[in-house]
Amino acid sequence: MANEVLNSLLKEYEQKKLKAELDLEKRKEELYQKIPKLQQIEDELNRFAISTAKNILFHHTSSLEELHQKAEKLKYEKACILQDANLPNNYLTPNYECPICKDTGYISNNSYQTQMCTCLKQKLLDISFYQSNMTNLVSENFNTFNEKLFSDEIDVAKYHFNISPRENIKNIRQKCIEFVENFDNPDSKNLLFTGNTGLR
């Protein structure tokens, strides 16, 4: 079940990534028709990137600084053109929903190992939370607990307790609060709720 959920989410991520990149291509096409100079700059920057990679590959480091300076000059020129057109500096980059993982769901850590992005972790957590039937915690929690719904009459024959249902539920509530507050304590004991099917 967990794998099915993850695979389904990754397909959604793939679609989001593709949409962001297709939207970018559309924006580029429209903008380049209006401002051809931008396409010339982009093409030139791409050529510089290829030249830089080749120089690094063949250890021709002497011209790297010159390439870097030219690329920075072109980037500045591109930024000025976008500013003059009242467009943000990132207009020619994909609008990913998550800029951290670029809508892939995964990132590389400092050791170059792939790990799940926080956005994907959160989506998995949200799904688990929804499936746990605890989505009504906003309205049903300790703060909205109403002890007056329980009788304050003691009936040992019926409840097998020498305290009232109201006093009993108040004790249960207090134990639950203590459990939550000490959840991270390894010495804290677990809670076990029992009862017939359908009781709540």
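Just so it is clear, none of the values below were taken in a lab; they were calculated from the coordinates. Nothing here was measured: the structure is a model prediction, and the numbers come from that model. In this analysis, Cβ positions are derived from the backbone assuming ideal geometry, glycine residues included, and neighbour counts consider all displayed protein chains.
By residue number, which cysteines of the chain lack any other Cys whose Cβ falls under 4.7 Å from their Cβ?
Taking the Cβ cut-off of 4.7 Å, the unpaired cysteines of the chain are C80, C176.
Counting Lys and Arg as +1 and Asp and Glu as -1, each charge on the Cβ, what is the dipole of segment 9-56 about the Cα centre in debye, to the nearest 20?
60 debye
By how many degrees, between 0 and 90 and to the nearest 10, does the Cα long axis of helix 64-84 differ from the longest principal axis of the chain?
70 degrees
Which of the listed residues, I127, A157, Y106, is farthest toward the dipole's positive end in the chain, when Lys, Arg count +1 and Asp, Glu count -1 at the beta-carbon?
My answer, from the dipole projection, is Y106.
When the helix-only estimate is applied to the chain (DSSP H runs of n ≥ 4, each -39,500 (n - 2.57), divided by the residue count), what is the mean residue ellipticity at 222 nm, nearest 500 deg cm²/dmol?
My calculation for the chain gives -19000 deg cm²/dmol from helical runs alone.
Excluding same-chain residues fewer than 8 positions from K75, which lysines have a Cα within less than 29 Å of its Cα?
K16, K17, K19, K26, K28, K34, K37, K54, K102
State to the nearest 20 debye the size of the charge dipole of the chain about its Cα centre, where the only charges are +1 on K and R beta carbons and -1 on D and E beta carbons.
260 debye
Looking at (1) 92, 40, 30; (2) 40, 35, 33; (3) 70, 45, 28, which value of Cα extents along the principal axes in Å comes from a calculation on the structure shown?
The calculated read-out lines up with (1).
What does the charge add up to near I35, with Lys and Arg as +1, Asp and Glu as -1, over the other residues with Cβ less than 15 Å from its Cβ?
With Lys, Arg at +1 and Asp, Glu at -1, the neighbours total -2.
Hey, if you drop one equal point scatterer on each alpha-carbon of segment 84-200 and run the Debye formula without solvent, what base-10 log of I(q)/I(0) do you get at q = 0.10, 0.12, 0.14, 0.16 Å⁻¹?
Values returned for q = 0.10, 0.12, 0.14, 0.16 Å⁻¹ are -0.62, -0.75, -0.88, -1.02.
What's the local net charge at L120, with K and R +1, D and E -1, over the other residues with C-beta under 13 Å away?
Around L120, the surrounding residues sum to +1.
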